[in-house]
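Everything below concerns the one structure shown next.
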Amino acid sequence: MARVSQEHLDARRRQIIDGAARCFARDGFHGTSMQGVLKEVGLSAGAVYRYFSGKEDLIAAIADEAVGGVRRAFEEAARVSPPPPPDVLIGRVARSLFENTGRGMSRQAYAGLIVQVWSETLRSERLAATLVEAFGGLRAAWTELVDVYRDIGLLDSDVSADHVARTLIATAQGFIAQLAMFGDAEPEVLENGLRGLMSMDLQKIS
């Protein structure tokens, strides 16, 4: 029997995950059956179950990728020295995350899939653990970034780096939620809005 190459195995696994992601984005995690996934990917049950034991395994694999995609987008956007200001940085994150969604899905559908992953963590301890770990990594990385902002004089020293980091992450999460629900969220809107907030003269308020 001829050996199957690792490239072939990886491509088949990719085919299954992408097909399942389209099903989940279209019908929801709980509205999708394994039969629906098999029909979407055009493979036999044996071929799919060779890679995944069932729907929970597929959901976990997609959750890992979705959470990892958000984290990589943050890390890539911050990999500049000196780092760009927060408005530019968050805009880069949004573009990086949604420029090439692949899987034959729209930006809105992919954003919706990420939101589904978030909601599923309220039910699944397995997914919750994945998200907690990823969020911890994001907080740590962005706290370091905020410290750099402070060192170069862009941020007051009395502001908690962790609080600023969590606010930046929440801004990106809000963008994803708006895109999922309304479909009209664009990175430029996020950038311009943040730039406007950053330009406020707080002395005039006080």
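The values are calculated or read from the model by the stated rules, or taken from the named source; none is laboratory data. If you're wondering where the values come from, they're calculated on a predicted model, not measured in any experiment. Cβ placement follows ideal geometry from the backbone for every residue including glycine, while neighbour counts extend to all protein chains displayed. Note: areas computed on protein heavy atoms with side chains; ligands, DNA, RNA excluded. Shrake-Rupley method; radii C 1.70, N 1.55, O 1.52, S 1.80 Å.
Starting from residues that are in a loop (DSSP other than H, G, I, E, B) and free of Cβ contacts under 8 Å to residues at least 60 places away in the same chain, keep the ones in region 1-28 and report whichever is farthest from A109 (Cα to Cα). Spell out the reasoning first.
Taking region 1-28 as the starting set, the residues that turn out to be in a loop (DSSP other than H, G, I, E, B) are 1-5, 28.
Next cut, free of Cβ contacts under 8 Å to residues at least 60 places away in the same chain only: 1-5.
Values: M1: 41, A2: 39, R3: 37, V4: 33, S5: 32 Å.
Step by step, filter region 1-28, then rank; the result is M1.
Filter region 182-194 down to the residues that are surrounded by 19 or more Cβ atoms within 10 Å (Cβ to Cβ) and over 11 Å from I90 (Cα atoms) and list them by number.
Within region 182-194, A185 is the sole residue that qualifies.
How do the pairs read when you match residues in region 73-91 that are touching a residue at least 12 places away in the same chain (Cβ under 8 Å) and more than 19 Å from A170 (Cβ to Cβ) with residues anywhere that are in a loop (DSSP other than H, G, I, E, B) and open to solvent by 20 Å² or more (accessible area, probe 1.4 Å), using Cβ under 7 Å and keeping only pairs 6 or more apart or on different chains?
P82/I152
Counting only residues that are open to solvent by less than 60 Å² (accessible area, probe 1.4 Å), under 24 Å from the mean Cα position of the chain (by Cα) and not hydrophobic (A, V, I, L, M, F, W, C), how many does region 41-84 have? It would help to see each step written out before you state the result.
Here is the first cut: in region 41-84, the residues open to solvent by less than 60 Å² (accessible area, probe 1.4 Å) are 41, 43, 45-48, 51-52, 54-55, 57-63, 65-70, 73-74, 77-78, 83-84.
Applying the additional criterion that residues be under 24 Å from the mean Cα position of the chain (by Cα) yields 41, 51-52, 54-55, 57-63, 65-70, 73-74, 77-78, 83-84.
Adding the requirement that they be not hydrophobic (A, V, I, L, M, F, W, C) leaves 51, 54-55, 57, 65, 68-69, 83-84.
Count: 9.
Could you tell me whether any residue of region 125-148 is outside any helix (DSSP H, G or I), within 22 Å of F24 (Cα to Cα), open to solvent by 20 Å² or more (accessible area, probe 1.4 Å) and at pLDDT below 90? Give the derivation first.
From region 125-148, those outside any helix (DSSP H, G or I) are none; that's our starting set.
No, the conditions are met nowhere in region 125-148.
Hey, any hits in region 172-181 for a residue that's within 16 Å of P84 (Cα to Cα), open to solvent by 40 Å² or more (accessible area, probe 1.4 Å) and either over 20 Å from the mean Cα position of the chain (by Cα) or of a type in the set (A, V, I, L, M, F, W, C) (or both)?
Checked region 172-181: no residue is within 16 Å of P84 (Cα to Cα), open to solvent by 40 Å² or more (accessible area, probe 1.4 Å) and either over 20 Å from the mean Cα position of the chain (by Cα) or of a type in the set (A, V, I, L, M, F, W, C) (or both).
D201: under 23 Å from W118 (Cβ atoms), free of Cβ contacts under 8 Å to residues at least 12 places away in the same chain and of a type outside the set (S, T, Y), yes or no?
Working: under 23 Å from W118 (Cβ atoms): no; free of Cβ contacts under 8 Å to residues at least 12 places away in the same chain: yes; of a type outside the set (S, T, Y): yes.
Criteria not met by D201.
Residue-wise test of (1) out of contact with any Phe, Trp or Tyr (no Cβ under 8 Å at 6 or more places or on another chain); (2) not in a helix (DSSP H, G or I).
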{"residue": "A165", "(1), (2)": "no, no"}
{"residue": "A170", "(1), (2)": "yes, no"}
{"residue": "F175", "(1), (2)": "yes, no"}
{"residue": "Q178", "(1), (2)": "yes, no"}
{"residue": "A185", "(1), (2)": "no, yes"}
{"residue": "E188", "(1), (2)": "yes, no"}
{"residue": "R195", "(1), (2)": "yes, no"}
{"residue": "M200", "(1), (2)": "yes, yes"}
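Would you point out which residue out of G46, G31 is among the small types (G, A, S) and either closer than 23 Å to V4 by Cβ or not in a loop (DSSP other than H, G, I, E, B) (or both)? Can you show your working first?
Numbers: G31 fails: either closer than 23 Å to V4 by Cβ or not in a loop (DSSP other than H, G, I, E, B) (or both).
When all the criteria are applied, what remains is G46.
Under 7 Å between Cβ atoms, at least 6 apart or on separate chains: pull out the pairs that start in region 36-59 with a residue that is of a type in the set (D, E) and end on any residue that is in a helix (DSSP H, G or I) and surrounded by 14 or more Cβ atoms within 10 Å (Cβ to Cβ).
Once the first residue is of a type in the set (D, E) and sits in region 36-59, its partners that are in a helix (DSSP H, G or I) and surrounded by 14 or more Cβ atoms within 10 Å (Cβ to Cβ) give E40/G19; E40/R22; E40/C23.
Looking at L197, is it under 15 Å from I90 (Cα atoms) and buried (at least 18 other Cβ atoms within 10 Å of the Cβ)?
On the way: under 15 Å from I90 (Cα atoms): yes; buried (at least 18 other Cβ atoms within 10 Å of the Cβ): no.
Here the answer is no, as L197 does not meet what is asked.
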